[in-house]
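Read the structure below first, then the notes.
The values are calculated or read from the model by the stated rules, or taken from the named source; none is laboratory data. If you're wondering where the values come from, they're calculated on a predicted model, not measured in any experiment. Cβ: placed from backbone, ideal geometry, glycine included. Neighbour counts: every protein chain shown. Ligands, DNA and RNA are excluded from the accessible area calculation, which covers all protein heavy atoms including side chains. Shrake-Rupley method; radii C 1.70, N 1.55, O 1.52, S 1.80 Å.
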Amino acid sequence: MVLYLVVDKDAFPEDVNPVEYFITDTSNIDMGDITIYIPTVDDHSLGPPDEHVVTVFSPAPNQKWPRPFERNYRSTEYQEEKERQAALILEEIEKRFPGFRKGIRKMFVATPSTIERYTLKTWGCVGGPKQMIGQELTKRLHAKTDWPGLYACGDSTTMGMGTPAVVASGFGAANIILRELGLSEYHYKTFQKQYVNYIKSNPRPVVPIA
């Protein structure tokens, strides 16, 4: 399951990291193994100064969710279970960040059903659609969506998974936009110098020496 949130900065400690991992049981994967991404910790330009943009991932093993094309998708029972599971995830977060719920300004909840519906990821799994015959590019999301001005990239839009697929899909989406604007498309080329751009951010946390 995935929670997309906008949260008051005061709901987090000052030394919060841009990525936080919560592990409840090292011998097993359960919904308590939560990953929290807070990109506004590193890049303050992504949101207002008093807010954090937050994405929460929680595994959903042994949970039965309907496929988007099944009758009970979006049923009353489905909505109730969606709210119940989201509340359990927030409860786990509250153990580390007391008062987290009070700081929530906006929240959207995505179940595995939601993820499959909008990204075509089989059973809502991470890592793009299955790498198999019958899951070719024609049955994946396209970079150009049905909504004008909205383009998609990520490992749901191209063969492969992880960072390399995401980067490749980003170039593809950018080239579609350039083409529509009548501009030259991007092609790999060598540069005389390599540049590293730094953004103003919080100082990196000190890693303790074992």
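I need the calculated FRET efficiency for the pair residue 107 and residue 37, taking r as the beta carbon distance and R₀ as 22 Å, to the nearest 0.05. Display every interim value, and only then the final one.
Values: r = 15 Å, r/R0 = 0.67.
Once the sixth-power term is evaluated, E becomes 0.90.
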Item checked: Potential lengthening between residue 69 and residue 81 on full extension [0.36 nm per residue; Cα-Cα distance subtracted] -> 2.5 nm
Checklist line | Radius of gyration and maximum dimension Dmax of segment 13-58, Cα, Å | finding: 12.6, 39
Notebook entry, point to check: At what distance in nm do the modelled label points of residue 19 and residue 167 sit from each other, each positioned 7 Å from its Cα along Cα→Cβ?
Noted result: 1.5 nm
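Calculate the dipole size of segment 39-103 relative to its Cα centre from +1 charges on Lys and Arg beta carbons and -1 charges on Asp and Glu beta carbons; express the result in debye to the nearest 20.
On the way: 10 positive and 12 negative charges, 69 e Å.
The calculated dipole for segment 39-103 is roughly 340 debye.
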Next item on the list: May I ask you to order 96-103, 165-172 by the average number of other C-beta atoms within 10 Å around their residues, highest value first?
Entry: 165-172, 96-103
Note to self: Principal axis extents for segment 53-126, Cα atoms only, whole Å, descending order, please.
What the structure shows: 38, 25, 24
Margin query: Using only the alpha carbons of segment 142-199, what is the convex hull's orientation-averaged projected area in square nanometres?
Written below: 5.7 nm²
Checklist line | Rounded to whole Hz, the Karplus (6.51, -1.76, 1.60) HN-Hα couplings of segment 84-96, x for glycine and proline | finding: 5, 5, 4, 5, 5, 5, 5, 4, 5, 5, 4, 5, 9
Check: Under a point spin-label approximation (7 Å from Cα along Cα-to-Cβ), what is the residue 200-residue 91 distance to one decimal in nm?
Finding: 4.3 nm
Next item on the list: Read phi for every residue in segment 141-155 and hand back ³J(HN,Hα) as whole Hz from Karplus 6.51 cos²θ - 1.76 cosθ + 1.60, θ = phi - 60°, with x for Gly and Pro.
Entry: 4, 9, 5, 9, 8, 6, 9, x, x, 10, 10, 10, 9, x, 6
Notebook entry, point to check: Of the peptides 147-156, 17-26, 177-186, 52-61, how do they stack up when ordered by the mean number of other Cβ atoms within 10 Å, highest first?
Noted result: 52-61, 147-156, 17-26, 177-186
Margin query: Can you list residues from other chains, or at least 5 along the same chain, whose modelled amide H is less than 5 Å from the amide H of residue 104?
Written below: 8
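Expressed in nm to one decimal, what extension gain is obtained for the pair residue 159 and residue 175 from 0.36 nm per residue of sequence separation less their Cα-Cα distance? Intermediate results must be reported in sequence, preceding the final value.
Working: separation 16, 0.36 × 16 = 5.76 nm, distance 1.75 nm.
Here the segment from residue 159 to residue 175 would lengthen by 4.0 nm.
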Check: Dipole of segment 1-58, Cα-centred, from +1 at each Lys and Arg C-beta and -1 at each Asp and Glu C-beta, to the nearest 20 debye?
Finding: 180 debye
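May I ask you to give the solvent-accessible area per residue for segment 6-126, in square angstrom, as obtained with a 1.4 angstrom probe?
On the way: 7210 Å² over 121 residues.
About 60 Å² of surface per residue is accessible.
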Next item on the list: Please identify every one of the trypsin sites (Lys or Arg not before Pro) in segment 1-71 that sits in a loop by DSSP and has no more than 14 other beta carbons within 10 Å of its own beta carbon.
Entry: 64, 71
Check: Which of the listed residues, 69, 58, 32, is farthest toward the dipole's positive end in segment 1-104, when Lys, Arg count +1 and Asp, Glu count -1 at the beta-carbon?
Finding: 69
